[in-house]
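What follows is calculated from the coordinates using simple rules that are stated; it is not laboratory data. Keep in mind that this is a model prediction, so the values were computed, not measured. Here Cβ is always computed from backbone atoms with ideal geometry, including for glycine, and neighbour counts include all displayed protein chains.
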Amino acid sequence: MQLKRSARRKVGAKPTESTCMERLKFEEAEAKISQINIVMMGLPGAGKSTLVNSIKPKPNYISLGEITRRELQTDSDLSRQIMAQFGHNNSWSADFVISVVAPHILKVKDVGFILDGLPRQKSEAEDLVAWARRNGVRLNLALYLDVREEVALQRISQRDSSGRLETPEHYRKRMQAYLDERPLFMDIIDANFEKSLSIDTSDISPDEVKSKLIEFIASNF
């Protein structure tokens, strides 16, 4: 009986001061994510939007994919340009990609953002870095979310495909192009950002991905 009472007291024990301090530091570091400029890269299915949606307060999220999907619901000039780009076999030109996200970055460049969707190739990295310099945009953290290709394809197959023009073959081509270009644009990005962090999301939970990012932010910003 004595052992049971002791166990009950342990379960109901109040958090210690050190535990409260650790939790406070964790929350402060999480909040800091929304105050720095992050460029997030990775294959489709790496968990980029999942990570962003878990961060509190929600950061300013600039997603090339979300912007294009919103535009495709309109009858704008940009919508027609995007449709034309999907009709090509070649990758989108770097200057076109930058032009799509640039207005959104400029609105929040001084308060913090997470940019998702580029660079995917060396030319985009070069153009992004040059554009950021010309426009006084801080390049704080390059965040790479890595994932095995088969895991990424499995995750993509479980997505809601409404509003998307991408086909499975389109995703496979995008993945191969990204993997081919990654070593080339990494050199450019890492040389021009304050910090860089790679997290392999293949075999860990979204909460673990978030914890790794927060721990890095706490130690480096």
Partner aspartates and glutamates for Lys173 [C-alpha distance under 18 Å; skip if fewer than 8 residues away on the same chain]
Glu124, Asp146, Glu149, Glu150, Glu181
Cα-based Debye curve of region 31-220 sampled at q = 0.14, 0.17, 0.18, 0.19 Å⁻¹ gives log₁₀ I(q)/I(0) of -0.80, -1.24, -1.41, -1.59
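Could you list Met175, Met41, Met21 so that the one with the fewest beta carbons within 10 Å of its beta carbon is first and the one with the most is last?
The most exposed by this proxy come first: Met21, Met175, Met41.
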Counting only residues 5 or more apart in sequence or on a different chain, those whose built amide H sits under 5 Å from that of Asn37 are Phe113, Asn140, Leu141
Ranked highest first by the average count of other Cβ atoms within 10 Å around their residues, in what order do 98-104, 152-158 fall?
98-104, 152-158
Beyond 21 Å (Cα-Cα) in this structure, taken from Lys122/Lys195; Lys58/Lys212; Lys109/Lys212; Lys48/Lys210; Lys109/Lys210, we find Lys109/Lys212; Lys109/Lys210
In whole Hz and in residue order, list the ³J(HN,Hα) couplings for region 103-111 that follow from phi through the Karplus curve 6.51 cos²θ - 1.76 cosθ + 1.60, θ = phi - 60°; x for Gly and Pro.
x, 6, 5, 4, 5, 10, 4, 9, 10
